[in-house]
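Notes for the one structure printed next.
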Amino acid sequence: MIPYGHQNISADDIKAVVDVLQSDFLTQGPMVPAFETKIAKYCSAQHAVAVNSATSALHIACLALELAAGDWLWTSPISFVASANCGLYCGANIDFVDIDSTTYNMCPQALEEKLKKAEEHGELPKIVIPVHFSGQSCDMRAIHALSKRYGFSIIEDASHAIGSSYLDKKIGSCEYSDITVFSFHPVKIITTGEGGMLTTNDDNLAYRLKLYRSHGISREFFTQKSDNDGAWYYEQSILGYNYRLTDIQSALGISQMERIDEFVSARATLSQIYNESLSALPIITPCENEHVKSSWHLYVIQINFSKTKVSRANIYKKMQASGIGVNVHYIPIHLQPYYRKLGFKPGDFPQAEEYYSRTLTLPLYPDLTQQRYIIETLAEGLK
Ligand SMILES: *Cc1c(COP(=O)(O)O)cnc(C)c1O
């Protein structure tokens with residue numbers, strides 16, 4: 001089976017991990033801060049904080065921004081459930097902003113209209129989480145301008161978008177946000193097995209994120225209370241978690257970062273081949289907006305049902321039967337049973353639902369070699 005995404009592991013990656021296994025520290029040694037420094041530099045951010053997943057990163061980003069019961073968090077319905085679940089972990093209320101039908105990202109106009117209405121009801125969001133879907137940056141200038149007017153914080157869910165750029169700056173620079181979150185799950189751009197990272201330019205947020213990832217305790221920040229205290233002394237000041245990344249994982253991440261630009265350019269080249277080869281088929285290929293350079297985490301097509309009678313389910317089945325692991329990203333979050341129980345229903349976010357009814361993800365990863373076969377099988381399936 002050709003998967004829809006796959007990691008690329010080199011001999012150097014393996015050596016980096018084995019070196020840590022043969023060293024004194026498997027976790028919380030020198031590799032974690034070295035990985036953080038590497039990501040902070042790459043993104044031109046002041047701080048980077050490593051954690052064990054993007055889900056953990058989203059959770060502590062919300063906590064650091066003081067999201068609590070009674071507050072509202074808004075995100076995109078076309079994302080992985082973690083983009084919304086993080087708000088529920090904090091006891092907050094969740095709502096969604098419909099997507100733009102060409103980028104599949106949170107629509108800034110829809111956001112503005114929703115903010116106007118929310119202001120009338122006194123229910124403005126505390127946090128908005130734009131998701132850079134498939135690696136394409138959201139319209140961050142517009143969302144940032146709205147944050148200034150309506151007073152909300154911004155967490156960029158850049159789980160798809162390490163290596164992407166917006167207005168000539170790397171995603172993660174936090175030029176237009178408070179915090180950016182990355183995922184290092186194996187299907188993403190670089191991997192640490194499981195893992196995540198937060199970037200921020202705010203010293204106080206970075207301090208709080210570090211506390212939250214490790215039980216609310218930090219030796220780094222400890223203050224000796226009396227002459228009878230020694231280096232053993234630590235203090236728990238807030239209720240934190242164990243969301244730490246290991247040195248084993250960080251070594252893999254550092255080694256993977258050596259090839260990030262190669263990975264992104266291989267993905268861009270393969271996407272370009274898809275764009276050109278699929279242009280005559282009854283589908284809509286993905287766009288890349290002005291000011292954006294995508295990491296091409298996902299290659300998503302939209303089936304044009306005005307030009308083909310074949311159903312999405314049928315194409316999906318035919319491709320799978322031919323050994324091609326096509327996928328669907330994503331079932332709109334508000335249609336998940338858990339979210340329906342919170343009161344969401346079909347029709348709430350029409351653009352997201354329309355997108356979902358037509359979308360299919362084709363395999364894309366740096367080592368993909370069977371692209372001809374995928375294109376031919378898809379063309380055949382759409383007949
Ligand atoms: C993968 C993903 C996550 C969760 O990442 P983990 O590292 O697996 O926790 C969150 N948001 C989006 C958009 C994702 O694609």
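Worth a mention:
- Here the peptides 298-307, 249-258 are ranked by packing, the mean other Cβ count within 10 Å, and the order with the highest first is 249-258, 298-307.
- Charge dipole of the chain (Cα centre as origin; +1 on each Lys and Arg Cβ, -1 on each Asp and Glu Cβ, all else neutral): 1060 debye, rounded to the nearest 20.
- When the solvent-accessible area of the chain is split by element, carbon and sulfur atoms take up 50 percent of it, the probe being 1.4 Å.
- The phi-based Karplus calculation (6.51 cos²θ - 1.76 cosθ + 1.60; θ = phi - 60°) puts the 3J(HN,Hα) values of segment 364-381 at 7, 6, x, 8, 4, 10, 9, 5, 4, 4, 5, 5, 5, 5, 5, 4, 5, x Hz, whole numbers, x for Gly and Pro.
- In order through segment 351-361: 3J(HN,Hα) via Karplus (6.51 cos²θ - 1.76 cosθ + 1.60), integer Hz, x for Gly, Pro: 5, 5, 6, 4, 4, 4, 5, 10, 8, 8, 9
- Farthest towards the positive end of the charge dipole of the chain, among the residues LEU205, ASN327, VAL81, is the Cα of ASN327, using unit charges on the Cβ of Lys, Arg, Asp and Glu.
- In this structure the amide hydrogen of TRP72, modeled in the peptide plane, comes within under 5 Å of the amide hydrogens of ASN93, LYS126, ILE127, none closer than 5 places in sequence on its chain.
- In plain terms, the bigger the Kirkwood radius, the slower the diffusion; for segment 186-331, with that radius from Cα pairs, at 25 °C and 0.890 mPa s, Stokes-Einstein puts D at 122 µm²/s.
- The modelled label-to-label distance for the pair TYR316/LYS15, using points 7 Å beyond Cα in the direction of Cβ, is 4.4 nm.
- With eigenvalues of the C-alpha gyration tensor scaled by 5 and rooted, segment 246-380, Å: 28, 23, 15
- Gained length - THR269 relative to HIS144, 0.36 nm times residue gap less alpha-carbon distance: 41.9 nm
- Derived from the Cα gyration tensor, the three semi-axes of the equivalent ellipsoid of segment 1-93 are 32, 20, 13 Å, largest first.
- Among THR308, THR103, THR27, the largest mean-square fluctuation in a Gaussian network model of the chain (Cα springs under 10 Å) belongs to THR308.
- Shown for segment 280-383: lysine pairs separated by 8 or more places, or found on different chains, whose C-alpha atoms are under 20 Å apart, numbering 8.
- Burial order of peptide ranges 372-383, 115-126, 237-248 (average beta-carbon count within 10 Å, highest first): 237-248, 372-383, 115-126
- Checked against a 31 Å cut-off, the cross-linked pairs LYS15/LYS41; LYS117/LYS210; LYS126/LYS169; LYS188/LYS210; LYS38/LYS114; LYS117/LYS170 give Cα-Cα distances beyond that limit for LYS117/LYS210; LYS38/LYS114; LYS117/LYS170.
- Per residue, the chain exposes an accessible area of 44 Å² to a 1.4 Å probe, with every protein chain left in place.
- Highest average packing first - 42-51, 357-366, Cβ atoms within 10 Å: 42-51, 357-366
- Once Rg and the Kirkwood radius are both taken over the C-alpha atoms of the chain, their ratio Rg/Rh works out to 0.99.
- Per residue Cα convex hull volume in Å³ - calculated over segment 1-159: 152
The values are calculated or read from the model by the stated rules, or taken from the named source; none is laboratory data. Just so we're clear, the structure is a prediction, and the values are computed from it rather than from any experiment. No Cβ is skipped: glycine too gets one built from the backbone with ideal geometry, and neighbour counts run over all protein chains shown. Note: areas computed on protein heavy atoms with side chains; ligands, DNA, RNA excluded. Shrake-Rupley method; radii C 1.70, N 1.55, O 1.52, S 1.80 Å.
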